[in-house]
Amino acid sequence: MKLNELSPADGSTKKRMRVGRGVGSGKGKTAGRGVKGQKARSGVAVNGFEGGQMPIYMRLPKRGFKAPGAKTMSWVNLGRIAKAVDAGTLDASNVTEETLVASGVVRNARDGIRLLAKGDAPKKLNITVTGASKAAVEAVEKAGGSVTLTGTAKDAAEE
């Protein structure tokens, strides 16, 4: 089979109906738009308008809640920090949010960095972050390190 032998399957393509080409064509005069009214005019886009009936987006209940003052935290897993320590881009004795961003482990700190427990904690890791999960704190302390939280307990627990 060659490119010039390719063709669409039979019946899969249709020619476009040419409208407004005389009464004998079947789509002459008003070109299938009916008579007068908003939709007979050009440039009409009535998205979501249901002819005066209450639109579906207003009939359906809204779900969820977005708190206006919510904090968006960046997060980092212990395994990612361990990789950076092994590679030598991060010093395990003093890890702060600034050093995490500078070494490229986290792209940006946003409203703070939260430590999560996925992966193994590096030995003797001293880390200062806004928040941390309980499992992450336990894992770091088990490996002989310490976690210092700068955020309030409420901020750390919420994220």
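The values are calculated or read from the model by the stated rules, or taken from the named source; none is laboratory data. Computed from a prediction, not measured in an experiment: that's the story for all the values here. Ideal geometry is used to build each Cβ from the backbone, glycine not excepted, and the neighbour counts take in all protein chains shown. Only protein heavy atoms, including side chains, enter the accessible area calculation; ligands, DNA and RNA are left aside. Shrake-Rupley method; radii C 1.70, N 1.55, O 1.52, S 1.80 Å.
Could you list, in sequence order, all residues of the stretch 89-115 that are closer than 10 Å to residue 129 by Cα and open to solvent by 80 Å² or more (accessible area, probe 1.4 Å)?
98
Would you be able to tell me the number of residues in the stretch 8-38 that are within 30 Å of residue 58 (Cα to Cα) and surrounded by 10 or more Cβ atoms within 10 Å (Cβ to Cβ)?
Here the count works out to 1.
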